[in-house]
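Each value in this text was obtained by applying a stated rule to the coordinates, not by laboratory testing. All figures in this text were calculated on a predicted structure; none of them were measured in a lab. With ideal geometry, Cβ positions are generated from the backbone for all residues, glycine too; neighbour counts draw on all protein chains shown.
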Amino acid sequence: MADLIINPFSSGTRLRDMIRSIRACKTAAEERAVVRKECAAIRAAISENDHDYRHRNLAKLMFIHMLGYPTHFGQMECLKAIASAGFPEKRIGYLGLMLLLDERQEVLMLVTNSLKQDLNHSNQYIVGIALCALGNICSAEMARDLAPEVERLLQSRDPNIRKKAALCSVRIIKKVPDLAENFMSPAAVLLKEKHHGALISGVQLCTELCKVSEEALDYLRKKCTEGVVKVLKDVVNSPYQPEYDIAGITDPFLHIRLLRLLRVLGQGDADASDYMNDILAQVATKTETNKNAGNAILYECVETIMSIEDNSGLRVLAINILGRFLSNRDNNIRYVALNMLMRAIAVDAQAVQRHRATILECVKDTDASIRKRALELVYLLVNDSNVKSLTKELIDYLEVSDQDFKGDLSAKICSIVEKFSLEKIWYIDQMLKVLSEAGNFVKDDVWHALIVVISNASDLHGYTVRSLYRAFQTSGEQESLVRVTVWCIGEYGEMLVNNMGMLNKEEPITVTESDAVDVLETAMRRHTSDITTRAMTLIALLKLSSRFPSCSQRVNDIIVEHKGNFVLELQQRSIEFNKIIERHQNIRSTLLESMPVLDETTYNGRKAGSLATTVQASTGSSISLPNGDVKPTAVPLVDLLDLSSDDTPAPSSSGVDPLQDLLGVDLTSTPSVSGLEGSSKAPVDSLLDLLSIGTPSVQNDSSKLDILSASNRSTQSANSLDMLSSLSSSLATPVSAPASSAPMMDLLDGLSPIVPKTDTVTFTPPGLSETNGSVYPSITAFKSSSLKMEFSFSKQPGNPQTTLIHATFSNMSSNNYTNFIFQAAVPKFVQLHLDPASSNSLPANGKGSITQNFKVTNTQQGQKNLAMRVRIAYKVNNQDMLEQGQINNFPPGL
Amino acid sequence: MIHFVLLISRQGKVRLTKWYSPYSQKERTKVIRELSGVILTRGPKLCNFVEWRGQKVVYKRYASLYFCMCIDQEDNELEVLEIIHHFVEILDRYFGSVCELDLIFNFHKAYYILDELLIAGELQESSKKTVARLIAAQDSLVETAKEEASSISNIIAQATK
């Protein structure tokens, strides 16, 4: 430690002693104490303005800083050291500046002046350290202030100054790209350097210039391409030079940087690319590959070949090099090969496909970095022809892969399976395998999507529920598998028991009703099940209670157990479901109908993020709303579509509690209330309230009980639960609620179709005349500068309330639309069913159209006219667009 | 470009840090903690690259020290391994068979050497000899200044006796 003079009279310790005593500390507390003592001494020295030990104190501070202690009080000392005259002080001062400060600190501005002086210093080493500091920490302001000095130093006589100035310029033009043009011509001169350091730095400066400035790129491409190629030729063919030799190659660093500059120059310029072909071929074929240095050059060369303008011969050469890399035993080489192949796919997918088997092996590597690369590559390699075999390989591997890799792997598999789903059965099979292996790792939207697909594959319901039943027996610990199983047993439990819809390849299994309930009971009792799983299980149990009457009592027992659950949601549902099973046999079966088919297009649209995210909000609310507190709120569905309920008929405002969401009950037409005695009105109503059975489409005037007011009264007057227990006896009159579907919308996180159901039974009001066969004129329902929507109408014979609307959309703008989604909302007296649209992309200038059919049923036909709100979402150049409007010009009488 | 250079001991102690991209003190501590967690736990036969926050960290272990450099996605990992080795060879030549203790007690020397090798996160010199020569010249400049200083103080001491 010669440069830190020992002064026996000094009170402070030497740097070496301080380091030693810090290292001798056995605990963190001891270390802190030593550091605190040292810092105090340094502060004292600073306040005394001690010159003699500034040097040593700064060195100590840097060490303390490295240990992670605060050292801001030393920042000014650095500046003072830099401002002093001697080289030793300046050297440590600049080191401290680079170490203790970063470019965002205001203090840094104070050093600009010292830097300027040092850049003009007569001592080359002082200029050198000033350039180094400037290159490492300069901010944009400093770059502007000091650029002229650096520019001048690019022409210094000393090559070591030139090289430092060149790299300093790299930083300056990164910070202030406007300055690039000042550096263009000095940079070009540097390419003629003989000194390797200056040449390397010059090459880097040119590369950076090309990146930040189009003008510089043109200039250098014209002026220097030939020169760079020649320099590369010289260095490739140079004889042995011990000073620069690494593993038999002269200066691989220079090789690599020259290749990188050629890449920038050749990209997008056929002439320049053509000019460098020969030398690239020479590098690619002649480079020694048994050492890392050679491989590094080859790697860079391959990248340059892939990036410059097309030369098929060279590209074959490059891909072959990558193939060799891929079979190399060195992990590093394999890693870079995978990395490079990902980029090569865009150029020559076929050539990369040839290495598929090897790449697939890399997915199973023990090295996480390689696995990750390989998996991404495999993902890019999947196409229609190899999807089955690749998926099989990946799923097989999923069984044995590391726990921490399962998340990534299963996400990729799901993504592949979704993207290439050939047929539904294959999709379902693959997804079940993934869920059985890695059900704890998949994201929610994966199993949501699976449920939508299952729901749509009506011929596979039986098969699916049986497969799930089998999978559950072996992989019951996988959360999302449990959820899907539970949902399917709830919906299709009877198919499980009676082997309905048997496929040829399937082996029959014997499952009794109580076996099915066993599954649900297991799911309910699993201690790892979270609230979503349990809530889904409760609903499935409730559904089974009506499907398997023999098990009803057992189901009830299971449900009753959860009446005391700590989770409010589960407790509340248990109590409600218990009541339904015990006291409302008559409505139970209709209440617990199967879900209607979930609408795939809506789900996909929503998944694509084109729908408002209010779904999330409604999920949240369904969890925490207290029982019986029925507020007159609009139906969440309507909320979603932003439909005001001004023009809705009275009953609808009775409100649909979020409970409805959970129960999935939405009776869209009233029970045949006409048969009810006046005395039972209120009880019925409060029951409806409790179950939150919305009755939005009362149409029978004669039976137009004042349900709304009744309901309000009942909720105001009493807790509905009490009411329920007291009223149940009086509910002797059969309430034959017409069948209605039960969308479990919120539980499934908004999977349910956004449109109200159409399979509800609608009553034809007796007073209305039939309007079969009438012809209605077509209308232009919506028109904006960019979009036109036309409706034509027809009626179904025998169903005067229902109108079939054929909508035609045309694009009036000059841009193509993609992800086109049409949504409509109607007042509550109207029911709407949307069929899928003919396409989701709409060509520009009216050169094509999307058509979509939908069905509206006006339950107050003759009294109220149709009205509709529409929302049309699409993407133009990847930007989301949204158009909305209201349609009031329907032909009267619809 | 190289965003930062880290030297971490096998026990997770930091021996040298150099930041070429702006990171606040807080971020620096976080980066070091995160990376030492990842790198120190990797097995010996695995590749020397770790993907991290959209960048790549190239590391190599020499005895008890891990040399790490963080680079951009499109940079050449294999070359960075060579740069690390280049740095180690220069240190080795300077200290004469370098060990961790040399870098602890003479940490500032290690920084001076690194500053002759890299500026602004780019390589400035491919010749080990040139780096050694420049460092030696600057060291002797410091020596001379010191001798002068001590001779002056001697003279003053003599004069004031």
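What's the exposure ranking of A:Thr27, B:Thr17, going from fewest to most Cβ atoms within 10 Å?
Working: A:Thr27 8, B:Thr17 19.
The order, fewest Cβ neighbours first, is A:Thr27, B:Thr17.
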Worksheet item: Hey, how many Å between the Cα centroid of the range B:3-54 and the Cα centroid of the range A:780-843?
Response: 57
Discussion item. Give the aspartates and glutamates reachable from A:Lys795 as a straight Cα distance under 13 Å; neighbours fewer than 8 places away on the same chain don't count.
Written reply: A:Glu770
Response to the item:
Quick note, the range A:424-591: a/c under 1.5 would make it rounded; otherwise a/b > b/c is prolate and the rest oblate (a ≥ b ≥ c, C-alpha gyration tensor); here it is oblate
Worksheet item: Gap in Å between the Cα centre of the range A:538-610 and the Cα centre of the range A:232-274?
Response: 72
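With +1 on each Lys and Arg Cβ and -1 on each Asp and Glu Cβ, and nothing else charged, work out how big the dipole of the range A:204-325 is about its Cα centre, in Debye to the nearest 20. List each step's numbers first, then the result.
On the way: 13 positive and 18 negative charges, 56 e Å.
The calculation lands at about 260 debye.
Taking all pairs of distinct Cα atoms, average 1/r, flip it, and tell me the Kirkwood hydrodynamic radius of the range A:779-887 in Å to one decimal place. Could the numbers behind the result be given before it?
On the way: mean 1/r = 0.0692 Å⁻¹.
It works out to 14.4 Å.
Against the empirical 2.2 N^0.38 Å scaling, what ratio does the C-alpha Rg of the range B:22-83 come to? List each step's numbers first, then the result.
Numbers: Rg = 11.7 Å, N = 62, 2.2 N^0.38 = 10.6 Å.
Scaled against compact globular proteins, the figure is 1.11.
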Worksheet item: Using a cut-off of 23 Å between alpha-carbon atoms, which lysines can reach A:Lys286, once sequence neighbours fewer than 8 places away in the same chain are excluded?
Response: A:Lys230, A:Lys233
Practice prompt. Within the range A:469-551, report the GluC sites (Glu not before Pro) that DSSP leaves as loop and that have at most 14 other Cβ atoms within 10 Å.
Written response: A:Glu477, A:Glu506
Item to complete: Place a +1 charge on the Cβ of each Lys and Arg in the range A:779-887 and a -1 charge on the Cβ of each Asp and Glu, then give the dipole magnitude about the Cα centre in debye, rounded to the nearest 20.
Response: 200
Fill in: Cut-off under 5 Å, modelled amide H: who pairs with A:Asp348 long-range
none
Worksheet item: Considering only Cα-Cα distances, which of the following residue pairs are longer than 19 Å: A:Lys433/A:Lys505; A:Lys90/A:Lys194; A:Lys26/B:Lys13; A:Lys788/A:Lys847?
Response: A:Lys90/A:Lys194
Worksheet item: Residue by residue, what Karplus-based ³J(HN,Hα) values in Hz, rounded to whole numbers, does the range A:211-216 have, using 6.51, -1.76 and 1.60 with θ = phi - 60° and x for Gly and Pro?
Response: 6, 8, 9, 4, 4, 5
Worksheet item: How big is the gap, in Å, between the Cα center of the range B:122-161 and the Cα center of the range A:120-140?
Response: 18
Worksheet item: Along the positive direction of the dipole of chain B (beta-carbon charges: Lys, Arg +1; Asp, Glu -1; about the Cα centre), which of B:Tyr94, B:Ile39, B:Val142 reaches farthest?
Response: B:Ile39
Discussion item. Could you list A:Asp348, A:Asp530 so that the one with the fewest beta carbons within 10 Å of its beta carbon is first and the one with the most is last?
Written reply: A:Asp530, A:Asp348
Item to complete: Largest first and in whole Å, give the semi-axes of the range B:2-160's equivalent ellipsoid, each being the square root of 5 times a Cα gyration tensor eigenvalue.
Response: 35, 17, 15
Response to the item:
Sorted by chain and then number, the residues having a modelled amide H within less than 5 Å of the amide H of B:Leu16, at least 5 places away or on another chain, are B:Leu7
Item to complete: Could you go through the range A:184-197 in sequence order and give the Karplus-derived ³J(HN,Hα) for each residue, using 6.51 cos²θ - 1.76 cosθ + 1.60 with θ = phi - 60°, rounded to whole Hz, and x for Gly and Pro?
Response: 4, 6, x, 5, 4, 5, 4, 5, 9, 4, 9, 5, 4, x
Item to complete: With +1 on each Lys and Arg Cβ and -1 on each Asp and Glu Cβ, and nothing else charged, work out how big the dipole of the range A:384-453 is about its Cα centre, in Debye to the nearest 20.
Response: 180
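Can you classify the range A:315-387 as rounded, prolate or oblate using the Cα gyration tensor, where a ≥ b ≥ c are the square roots of its eigenvalues, rounded means a/c under 1.5, and otherwise it's prolate if a/b beats b/c and oblate if not? Working shown, then result.
Values: a/c = 1.84, a/b = 1.13, b/c = 1.63.
In terms of gyration-tensor shape, oblate.
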Practice prompt. Order by neighbour count: A:Trp426, B:Trp19, fewest other Cβ atoms within 10 Å first, most last.
Written response: A:Trp426, B:Trp19
Worksheet entry | In Hz, Karplus ³J(HN,Hα) per residue of the range A:559-567 (6.51, -1.76, 1.60; θ = phi - 60°; x = Gly, Pro) | 5, 4, 4, 9, 4, x, 4, 5, 7
Item to complete: For A:Leu787, list long-range residues whose amide hydrogen, built 1.01 Å from N in the peptide plane, is under 5 Å from its own amide hydrogen.
Response: A:Met812
Worksheet item: When we measure straight from the Cα of A:Lys175, which lysines land under 22 angstrom away, once same-chain ones fewer than 8 places off are left out?
Response: A:Lys116, A:Lys163, A:Lys164, A:Lys211, B:Lys18
